[in-house]
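The values are calculated or read from the model by the stated rules, or taken from the named source; none is laboratory data. All figures in this text were calculated on a predicted structure; none of them were measured in a lab. We place every Cβ from the backbone using ideal geometry, glycine too, and count neighbours over all the protein chains shown.
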Amino acid sequence: MTRKQKRLSVIVAGLAFLGAATGLTFYALGQKASYFYMPGDLATATVQPGQRIRLGGLVEKGTIERGQGATVAFSVTDKQKSVKVTYTGILPDLFREEQGVITEGSFGPDGVFVADSVLAKHDERYMPKEVADGLKAKGVWQESKSE
Amino acid sequence: MVETGHFALVLAFALSLVQMLVPLYGARAGSQKMMAVGGPVAVTGFALTALSFAALATAYASSDFSVASVWENSHSLQPLIYKITGTWGNHEGSMLLWVLILTFFGALVAVFGSNLPATLKANVLAVQGAIGAAFFLFILATSNPFTRLNPAPIEGRDLNPVLQDLGLAIHPPLLYLGYVGFSICFSFSVAALIEGRIDASWARWVRPWTLVAWMFLTGGIAMGSYWAYYELGWGGFWFWDPVENASFMPWLAGTALLHSAIVMEKRSALKIWTLLLAILTFSLSLLGTFLVRSGVLTSVHAFATDPTRGVFILCILTLFIGGSLALFALRASRLTAGGLFHPISREGALVLNNLFLTTATATVLVGTLYPLALEAVTGGKISVGAPFFDLTFGPLMLPLLAIVPFGPLLAWKRGDVFAAAQRLMAAFAAALAAMLVTGLFVDGASVFAALGVGLAVWLVCGALTDLAVKSGFGSVTPAIMLRRFAGLPRSVFGTALAHLGLGLTLLGIVGTLSFGTEKILSMHAGETVELSGHTLRFEGLYPAQGPNYSEDRGRFVVIGADGNAKGEISSAKRFFPVRQTTTTESGIRTVWFSQLYLSLGDEGNDGSVVVRLWWKPLVTLIWGGAVVMMAGAAMSLMDRRLRVGAPARRKELVPSASLS
């Protein structure tokens, strides 16, 4: 091989490598990113059972049921619709009725959302940003000006 | 005292403007006097910032609630250590720490830079002054830590309970020393672009700064990871949270910079690339600051959200990143390219390292920014988490780790892969054996686990092989070998240690992810639970009172094979009345390198408690490996070459790589 060919092959290999990495990245973004929904959005969105999503809203008052062992069921609501969620594990310290939460998981065939993680925040002033934005957009919640 | 601090901060801002303008003009006009202004001004600026910081720390330590920031983030009942660390446990104070470290590094250049060419030093200090000026202005305009309250409240609102931990004393300062340390490399690069010249002394100067920044950043990230691990009670050590990524991206780019700077220093090749990498690394640090401080992300680190701050930092970001890249585009073609090398050589291996690391940085960048971009464009909200990074970052790291042991064994300019492979036979055999043993004899080992363990052993043995080969193992008598070993350059030990640490971290990650076990159950007092050969008996919940919290402490006794108690683990639910917040204190028992990790959940109506228990094999190696990597960096810094290598000051500098 001449020097020119050598250099060319190095450049082609480099570009192929970057191309593969880019392709993989966009494939992964399409496959592995999970979308955020609020209960009211689910009527219009098509979410397959088994598809990973994030479901956010407020923990509906009076719906927290503790089941066998560490399994907990509760409803997440955006004051328009509510969705039943089950979760096995330790709930975050700030998990309370009427507080904003984000749950991540997928719908089972029975329409119950099975969460494998539940997020609430470490501060009582907090409302998860996605939940706050969603509720504001629906006009059911205003930012409280406590300070 | 508070007003003194405020005044010192304003003065420091004014001085940073002087530091930015006067030496820069002096370097262009050729005025020695004006260039000499930079040094003393940088040192004075640091002293004033330190005074300002001390004033704020004093206000925190003495619980002066007439200062708004103290009122919002402190409480008179807090232990003194948390009162002090609370100084930077909030937005305003942490920005002050940021500029304190920035001016500290500027002062270091001023003090230790006496052997730098005068114009280079002047330009470096000017760029450093410009960064300082932007952030001083940011603090004074949008996040003044000295704002007073009138009338002064009687009691404060307490520090966020999650932050009331020793981790806050260590993690942010280390992380900032790393983040901001890269500003020096950035300033050197921009200064080189302004001058249109990079010479050998440039590389010799940039490499130690990169090492220092990298060392601290490694420590800061590892400490943050360990803190999150034990404090948040979720038992995870890395969450691919955008804020974690924000610190990880400069680390990846910085690691690439560390390696390309070696090529530049030794072989004066890859000059332009190294310069670009130095700019990118600090740009990623700035991006990290923006992501964390602007409140575009929700996380433990986003203390308060104020849109004006976000816009302000975005402006700083655009100015510095855009400005430096534009300067690069204009000037880079005027810099001379360096030496040539064969693809299979030490240089080639380091280029490959850079290719993988920068691509990995780019995937992390995409994963972090894509959700923000998507939300801005379409309004759709997505989250990109571990599954994305496992699929993109993972495949990039595997081949990179596999070639690491080859690098140090290849010669400069033209290397021999077969000779290197021959020398690595023993390491390869050890890795293969570890892989087979893991795959065949360890219960529940997946292919990934066997591969991971093999790779980790490969890295560790590869690092040891490097030392053995360089001390002449097998070709000379043991006595000579020992003497050679002791006489090896410190940087060889540094490389070996850093690569060994990487192997240990990998072993910890694979061990925890592949062989970790976990149980969630609800327990009554007196019940026992068994996990991976460890038996625990729940003794019950015991209430206790802390200085500014009350807690229910769940006590567990570890029972040995003989039925006797071997020790105790306790985990607590703490309630902080001021903030009406509950936190979980996890209970950890370390067994060799592994840990038994326990955290308490909710109490049931029948007196039972939900308990989550993990067995995390080799987990401490994750952070232990990082400490070994830091030791490697420290070792490299002690290399003779870096201590005495810089050339003596000369009035007329020979333009070794100048352009005209």
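Quick look at the values:
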item	result
Some residue of the stretch B:580-589 being polar (S, T, N, Q), more than 24 Å from A:Val118 (Cα to Cα) and either free of Cβ contacts under 8 Å to residues at least 40 places away in the same chain or within 14 Å of another protein chain (Cβ to nearest Cβ) (or both)	no
Only listed residue being within 27 Å of the chain's Cα centre (by Cα) and either in a helix (DSSP H, G or I) or surrounded by fewer than 23 Cβ atoms within 10 Å (Cβ to Cβ) (or both), chosen from B:Ala14, B:Ala59, B:Ala54	B:Ala54
Every residue from the stretch B:43-76 that is acidic (Asp, Glu) and under 18 Å from B:Leu163 (Cα atoms)	B:Glu72
Failed criterion for B:Trp614 (all others in (1) over 30 Å from the mean Cα position of the chain (by Cα); (2) hydrophobic (A, V, I, L, M, F, W, C); (3) within 14 Å of chain A (Cβ to nearest Cβ) hold)	(1)
Condition broken by B:Met523, with the remaining ones in (1) under 24 Å from B:Ala449 (Cα atoms); (2) within 14 Å of chain A (Cβ to nearest Cβ) satisfied	(1)
Residue in the stretch B:123-132 that is surrounded by fewer than 23 Cβ atoms within 10 Å (Cβ to Cβ) and not assigned by TED's automatic domain parsing to the domain that holds B:Ala200 present	yes
The stretch A:88-141 - residue that is touching a helix residue (DSSP H, G or I) at 6+ places or on another chain (Cβ under 7 Å) and at pLDDT below 80 and, of those, surrounded by the most Cβ atoms within 10 Å (Cβ to Cβ)	A:His122
Filter result (β-branched (Val, Ile, Thr) and over 10 Å from B:Thr87 (Cβ atoms)) within the stretch B:50-76	B:Val67
Meets criteria (hydrophobic (A, V, I, L, M, F, W, C) and in a strand (DSSP E or B)) for B:Leu521	yes
Matching option when the condition is free of Cβ contacts under 8 Å to residues at least 60 places away in the same chain and either farther than 24 Å from B:Ser247 by Cβ or not assigned by TED's automatic domain parsing to the domain that holds B:Leu140 (or both), among B:Thr368, B:Thr359	B:Thr359
Answer residue from the stretch B:164-177, given it is buried (at least 22 other Cβ atoms within 10 Å of the Cβ) and within 14 Å of chain A (Cβ to nearest Cβ) and is nearest to B:Lys573 (Cα to Cα) among those	B:Gln164
Residue in the stretch B:570-578 that is more than 14 Å from every other protein chain (Cβ to nearest Cβ), among the aromatic types (Phe, Trp, Tyr) and in contact (Cβ under 8 Å) with a residue 40 or more places away in the chain present	no
Count - residues of the stretch A:53-87 that are within 12 Å of chain B (Cβ to nearest Cβ), buried (at least 19 other Cβ atoms within 10 Å of the Cβ) and among the charged types (D, E, K, R)	1
Filter result for B:Ile559 (within 30 Å of B:Leu506 (Cα to Cα), away from every other protein chain (no Cβ under 14 Å), of a type outside the set (Gly, Ala, Ser) and surrounded by fewer than 21 Cβ atoms within 10 Å (Cβ to Cβ))	no
Scan of the stretch A:1-14 for residues that are loosely packed, with under 12 Cβ neighbours inside 10 Å and either away from chain B (no Cβ under 11 Å) or closer than 24 Å to B:Ile382 by Cβ (or both), ordered by number	A:Met1, A:Thr2, A:Lys4, A:Gln5, A:Ile11, A:Val12
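One line per residue, one yes/no per condition, for (1) basic (Lys, Arg); (2) without any contact (Cβ under 8 Å) to a residue 60 or more places away in the chain:
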{"residue": "B:Ser66", "(1), (2)": "no, no"}
{"residue": "B:Ser76", "(1), (2)": "no, no"}
{"residue": "B:Leu80", "(1), (2)": "no, yes"}
{"residue": "B:Leu100", "(1), (2)": "no, yes"}
{"residue": "B:Lys121", "(1), (2)": "yes, no"}
{"residue": "B:Val124", "(1), (2)": "no, no"}
{"residue": "B:Gly132", "(1), (2)": "no, no"}
{"residue": "B:Ala152", "(1), (2)": "no, no"}
{"residue": "B:Asp165", "(1), (2)": "no, no"}
